[in-house]
Structure formats: C-alpha cells, structure tokens
Amino acid sequence: MFRTLGGGKLGTKGTETVHSHAITDLCDEGSRLYAGALRAGRIARADAESAPCLMEFALLHPDPDDPNWLRPVPPSVALAQRLHPIEREITERRRLSVELAEFFEPFMAASAQSTASTHSMTVLEGRDRINAALNIATTECQTEMLTVQPGGRRPASALLKGVERDRPLIERGVRLRTLYQHTARHSPETLAYVEQIADGKVEIRTIDELVERLIICDETVAFIPIREDRQVALELRHPGLVRYLIKVFEFMWTRAVPLKSGTPYETAPDGITDIQHSIAKLLVEGHVDEAIARRLGMNVRTCRAHIAKLASALGSGSRAQLGYLIAQSGILEQDRSAPAEAGRA
C-alpha cells in the first residue's frame, strides 16, 4: 500500500501502479527516501520503486558507475529546474500586463473625464434614494441651506421629516432660508413647522408663484425634481449650475414677503389683494382656473373664489368681460412691491 498527501492519487492501470501528486505535496515515502539519498549520496534503485514520483520529478538520476543505484539531484538544482518555467511564465504575464495597460491607457483617460462630468450630475430615482442623498447633503452642510417649497398645505408627515432633518442644522448654526407660496400662510401644518424651527438662524418668505422645488446646500450641491410625481431628481454638483440656481433663488427671495411682516392677502386701496393681482396677471395670459391654482399653490375652489372677488371689485359680469376690465383697469401696471419692501426693511 502506498500513502499519498494532498492531491496524491493511488490506483492501478492494468498491472502498473499509478502514483501521482503535485511536487509541493510530495508524499511521506518520497520525502523520506529523498532525504535518505541526500545523506547517503545514493539510493538503491529497488528501494526507490516505492516512490516513482522521485524519478518523475527528477529528484533522482541513474548512477553512471552502477545501474543498480540512483544518485540524488541537489535540492538547489532541482529547485532551479522547477522555478525556471514558472519564472518564464511570470515574465511573460508581466509583459502581457504592461501591453494591456498601455492599450487601455487612452481609454482610461477618456473615462476619467466622462466620470468627472457624470458625477457633477447624478440621477436619483425613487424617494428612498432621493431622501438618502438629501440626508447626506444636509449632514455635511455647515453654512447655509436654501430651499424652495412650492404648493400650499403640506402633509404633516412631510413636515415632520423636515423638522427631523432641519433640527441638527439649526443646532450647528447653519442658516436656513426657505421660500413658500403665499397660500402656505393659511396652512396650520406649515405654521406649526415654522414655530418648531424658529429658534435658529431661520428666515422664511412667501411669494405668489414658484416654479418647482429646489434645495441648495453650502453653494456646493443642489437638488431639483425632474418629474411631476417627484420620483426622480437630479443631484447637481457642477459649480456653474449651482451658482446659477443660487442666483435664481436670490431673484425670487428679493421679491418675496417675510412671513412675519404682514400678509399678501391684505386689500390694497384699489380693492384688489396681492393674490388677486397675481390671478389677474395669469388670467390675462390665458391660463385656465386649474393651471392658475396649480401655479399659485391653492386648490381650484379657492382660486375661483378669488376670481369671483376680483370680478366683483372690477364690476365684471362675465369671464370675457373680466379679462377686458383687467386690461383696462391698469392694475397690472401698478407697482405692488413697495409694501413688501417696506416689510423687509
């Protein structure tokens, strides 16, 4: 019986004994015989028959003086013989790796430029991914966060998340500036949210019309939705784009009314409130009630109630006549920004 180690195998092929294994797993019998041959300087051929792997691995060679004996090959020579093909293969693979690196180098450079451009604008799909990106940005925000929140009443759950997100910012001394639409002034949920964050560097203003939601952190990163259902958003880190969006925000900010300084629904001397003035402008531009309500962040019923009050103030008996009277009254040419500026002063 022959004993093997590692990947060694023993078996028979006809009457021939098969004894094979990797040289790094030389069997105990072969190791013992090779060590003995090195000490004695030779080994009887008959004794070596129990480990034919010694001849297969060229660890023994015939004794030129006596064919009945075998002499051991010095370990240094046996090692060199085994390493030579391995080193040759390593050299060849290194040469191949250098050639591959040189071949792909121009493509890597092109990819690096493309990656830098892609990273300046990341598409975020799904509310979970959008919120995760927002959380990271607000966590890293250290100086100022600007937000534009169109629409009227906001769900209490959304405002609760807003408090949880904004509270750490306030505690770090980050300045918060938020733009709402005028209709948010009549939302108890929004007013409750404002009260909860009012102890920090927080400024809130309202304006009649906002285009879409916008969040900017530290003049570094901006978030904008790209679908009406707000399930897909863009994370923008290109400095030029972020600076442009900041200018858009500042343009709206200077025309907005501070939340705590009066109300845009107060009646002006001409009997037309600011919100009705905004509705009149959109009516003349040809927008239907639903579009006006959506742009001003109110429901259609409220919008129509304001249209009715506007018609009454101008003495209009029909929708067609209302458009004519708005154009003839000159109310759209009046400068209604002075009260707001006084409030900001």
- Item | Search result, residues across region 218-244 that are closer than 19 Å to R129 by Cβ and over 15 Å from the mean Cα position of the chain (by Cα) | I226, R227, E228, D229, R230
- Message: Take the conditions in the same structural domain as A133 (by TED's automatic domain parsing) and either over 23 Å from R172 (Cα atoms) or free of Cβ contacts under 8 Å to residues at least 24 places away in the same chain (or both) and apply them to V248. Does it pass?
- Response: yes
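Residues are listed down the side, and each one gets a yes or a no for (1) within 21 Å of R237 (Cβ to Cβ); (2) in contact (Cβ under 8 Å) with a residue 12 or more places away in the chain; (3) surrounded by 10 or more Cβ atoms within 10 Å (Cβ to Cβ):
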site: A44; (1), (2), (3): no, yes, yes
site: E49; (1), (2), (3): no, no, yes
site: C53; (1), (2), (3): no, yes, yes
site: R71; (1), (2), (3): no, yes, yes
site: L79; (1), (2), (3): no, no, yes
site: E92; (1), (2), (3): no, no, yes
site: P106; (1), (2), (3): no, no, no
site: A137; (1), (2), (3): yes, yes, yes
- Please work out which one of (1) assigned to a loop (DSSP other than H, G, I, E, B); (2) buried (at least 16 other Cβ atoms within 10 Å of the Cβ); (3) at pLDDT 60 or above is the condition P64 fails and give its number. (2)
- Message: Looking at A22 and the list (1) surrounded by 13 or more Cβ atoms within 10 Å (Cβ to Cβ); (2) at pLDDT below 85, which single condition is not satisfied?
- Response: (1)
- Within region 296-325, how many residues are at positive phi, surrounded by 13 or more Cβ atoms within 10 Å (Cβ to Cβ) and free of Cβ contacts under 8 Å to residues at least 40 places away in the same chain? 0
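The values are calculated or read from the model by the stated rules, or taken from the named source; none is laboratory data. Small disclaimer: the values here were computed from a predicted structure and weren't measured. Note: ideal-geometry Cβ built from the backbone for every residue, glycine included; neighbour counts use all protein chains shown.
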